[in-house]
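Let me begin by presenting the structure, written as structure tokens, before commenting on it.
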Amino acid sequence: MKKEDKSRNRIIKDSLFPVSLFAIYLGVLLLMSGLHQGLVVLMNALEWNKIIQSVLPIVYWSVVAVGLTLFTRKKMKDTYEEPLHRLAEATQQVAGGDFSVYVPTIHTADRLDYLDVMILDFNKMVEELGSVETLKTDFVSNVSHEMKTPIAVIKNYAELLQMKNVREEEKEEYARNIEEAAGHLSALISNILRLNKLENQRIDPEIESYDLCGQLEECILQYEELWDEKELELEVDMEEKAVLQADPSLMELVWNNLLSNAIKFTEHGGKVTVRQITAGEYVEVSVSDTGCGMSKESIRHIFDKFYQGDTSHSKEGNGLGLALVKRILVLMNGDIQVVSQEGKGSTFTVKLPGRMENGNGEEVDK
């Protein structure tokens, strides 16, 4: 009997020992019984010795019994024991940290049984564990690297402050550098904790309706000093009010990350544009800059943890901001898209489900 595995689009045998196997056993036994009867008739016809007539059937059935026993033993060994032994050995290797293990199936893809499926699932599990282990190793390596830099800065400037004959101006400069490095380290740890909580769903978003345009204005004003410092041209095109249903505190992280990146990667005297529109049931916000832009390879990895396409600005960030943005937008049932060209700037467009108001000014779900 066979069953169809629709999720994998393949046929799986319902039993490791099909009915046909038992039919073979029955046929062999019936054949052996017929031969035995013929042998008895032959011995009587030839009038063989009584002792031979008694011993020969015993020897005959002993040979038949041994043959069937060896056949059954081989069938059980090939079907059960060897695959399970291989699976047990592979399990021990995985438990020891070896994720390169692969267990071959017993049958080909068109003759799979449930033990084959278990082996295939085991191989897939090991492959996934290997990927997770690689990600964990990369994550620890990246965190260590990112932490090492500000700690080294703090250590070096702390040693300089302890030196004799250090002028007051130099002390102030060293103290500022220590403060900046400490801030960078603090931001890194905060982002790691936030991202970990988001990925493990230990943050319950507090969804509420609020004015997105007001929030964007407040976020933009926070960067007023940076606009002036780099003499950037700021263009803002927003509706008077756009009601969004989301977690305001988490969305503030999204806008702050996108705005700070736009400022960071835009050269002195460049332009940053913030646009907001309501398109049907969705609210869209785009943040554009005239900065260095990104290559196609960078765009593919831009939301990966610790990925920094432009290493010239690596000291200003830790590569976690956009990974945080992506995870928040997934929680908010939103999406983000990137359009970028090297040397001409980038545009990040966020799309979120909004809310609409009826004729009485009351908010209703779309």
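Fully extending the segment from Lys77 to Asn123 would add 14.4 nm, taking 0.36 nm per residue of separation and subtracting the current Cα-Cα distance.
To the nearest 10, the accessible area of Thr278 is 60 Å² with a 1.4 Å probe. Between Ile299 and Glu267, the modelled label-to-label distance comes to 2.2 nm, taking each label 7 Å out from Cα in the direction of the beta carbon. Compared with the alpha-carbon gap, the fully stretched path from Val243 to Leu226 is longer by 3.3 nm at 0.36 nm per residue. Per-residue SASA remark: Tyr25, around 50 Å² accessible (1.4 Å probe; ligands, DNA and RNA not included).
The solvent-accessible area of Ser186, taken with every protein chain present and a 1.4 Å probe, is close to 60 Å². Measuring r between the beta carbons of Ala95 and Glu206 and using R0 = 45 Å, the FRET efficiency lands at 0.60. Solvent-accessible surface of protein heavy atoms, probed at 1.4 angstrom with all chains present, puts Ile24, Ile154, Ile220 in the order Ile24, Ile154, Ile220, largest first.
Spatially, region 57-72 and region 265-301 are offset by 81 Å when compared through their Cα centroids.
Local charge for Thr290 was computed over the other residues whose Cβ lies under 14 Å away, with Lys and Arg +1 and Asp and Glu -1, and equals -2.
The values are calculated or read from the model by the stated rules, or taken from the named source; none is laboratory data. Quick caveat, the model's predicted, so the values are computed rather than measured. Backbone-built Cβ (ideal geometry, glycine too); neighbour counts: all protein chains shown. For the accessible areas, the whole protein counts, side chains as well, though only heavy atoms, and no ligand, DNA or RNA atoms are used. Shrake-Rupley method; radii C 1.70, N 1.55, O 1.52, S 1.80 Å.
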